[in-house]
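Taking it in order: structure first as structure tokens, then the write-up.
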Amino acid sequence: MEISLAGLVGGFFGAVIGVMDFGMIAALLRRAWEKKPVLGDGGLVRRREAFLKVAFVVNLAVFVGLGYWFGVTMAG
């Protein structure tokens, strides 16, 4: 498998865009979750944080992959 420089640059820019995208999504989710108070032992809070961690990894992987693909495609 050959890794191209254009793909790596595209992957880097994809990661930057993915982090910014996740920041917006996480802010919206946290704001919506603050409107509903959490009762109990905090299990819901832990599940929400775990959900955000999984969403971050998936979001970052998708954007890095798309950035790599775009970089390779545009470079020819």
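None of the figures in this text is laboratory data; all of them are computed from the coordinates on show. All values reported here derive from a predicted model rather than from experimental measurement.
What value, in deg cm²/dmol to 500, does the helix sum -39500 (n - 2.57) over DSSP H runs of n ≥ 4 give at 222 nm once divided by the residues of the chain?
Numbers: 2 runs with 63 residues, N = 76.
It comes out at -30000 deg cm²/dmol, rounded to the nearest 500.
Estimated translational diffusion coefficient (Stokes-Einstein, Kirkwood radius over Cα pairs, 4 °C, 1.567 mPa s) of segment 5-75: 96 µm² per second. Taking the chain as the reference, fit the longest principal axis to its C-alpha atoms, fit the long axis of helix 43-75 to the helix C-alpha atoms, and give the angle between the two in degrees, 0 to 90, nearest 10. The answer is roughly 10 degrees. Against the chain, whose longest principal axis is taken from its Cα atoms, helix 5-34 shows a tilt of about 10°.
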